[in-house]
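I have placed the structure first, in the form of structure tokens, so that the comments after it can refer back to it.
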Amino acid sequence: MHTPGALLFSFSSEPVPGGGRPNHAHVAISLGDGRTIEARGKSYGVGTFNAANRFQWAAIVPGLQ
């Protein structure tokens, strides 16, 4: 995702309306250059990481562009 500020999502199964939360869900913020800022747990902490095809969905928050 090459849009700074876009929210990037990864789920273990495709989300469906009213379908509940998938077993695994993760969100990151795009820096617009192929990297993200995200919290990846105690082993990695919060930092910048390569997006590297780890996300299947994206959303842009209106008014932030």
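Here the gap between Trp57 and His2, fully extended at 0.36 nm per residue and compared with their Cα-Cα distance, gives a gain of 18.5 nm.
For the range 30-45, backbone phi angles converted through the Karplus equation (6.51, -1.76, 1.60; θ = phi - 60°) give residue-by-residue couplings of 6, 8, x, 10, x, 10, 10, 10, 7, 9, 10, x, 4, 5, 10, x Hz, Gly and Pro being listed as x. Assign one of three labels to the chain, namely rounded, prolate or oblate, based on the Cα gyration tensor with a ≥ b ≥ c the square roots of its eigenvalues; rounded applies when a/c is under 1.5, prolate when it is not and a/b is larger than b/c, and oblate otherwise. Cα axes put the chain in the oblate bin. Taking Ser12, Ser43, Ser30 in turn, the Gaussian network model of the chain (Cα-Cα springs below 10 Å) assigns the largest fluctuation to Ser43. Phi angles across the range 48-62 convert, under the Karplus curve 6.51 cos²θ - 1.76 cosθ + 1.60 with θ = phi - 60°, into 3J(HN,Hα) values of 9, 9, 6, 5, 5, 6, 8, 10, 9, 9, 9, 9, 10, 7, x Hz, Gly and Pro given as x. Normalising the average separation of contacting C-alpha pairs (under 8 angstrom, six or more residues apart) by the number of residues puts the relative contact order of the chain at 38 percent.
Accessible area per residue for the chain is 71 Å², calculated with a 1.4 Å probe on protein heavy atoms, without ligands, DNA or RNA.
Give me the percent of accessible area attributable to carbon and sulfur for the chain, probe 1.4 angstrom. Before the final figure, lay out each step's value.
Values: 2540 of 4590 Å².
Solvent-exposed carbon and sulfur of the chain make up 55 percent of the total.
Label zone (Glu14, point 7 Å along Cα-to-C-beta; backbone nitrogen cut-off 15 Å) within the range 21-65: 22, 56-58.
The values are calculated or read from the model by the stated rules, or taken from the named source; none is laboratory data. Being a predicted model, the structure only gives us computed values, none of them experimental. In this analysis, Cβ positions are derived from the backbone assuming ideal geometry, glycine residues included, and neighbour counts consider all displayed protein chains. The area values use the complete protein model at the heavy-atom level, side chains included, leaving out ligands, DNA and RNA. Shrake-Rupley method; radii C 1.70, N 1.55, O 1.52, S 1.80 Å.
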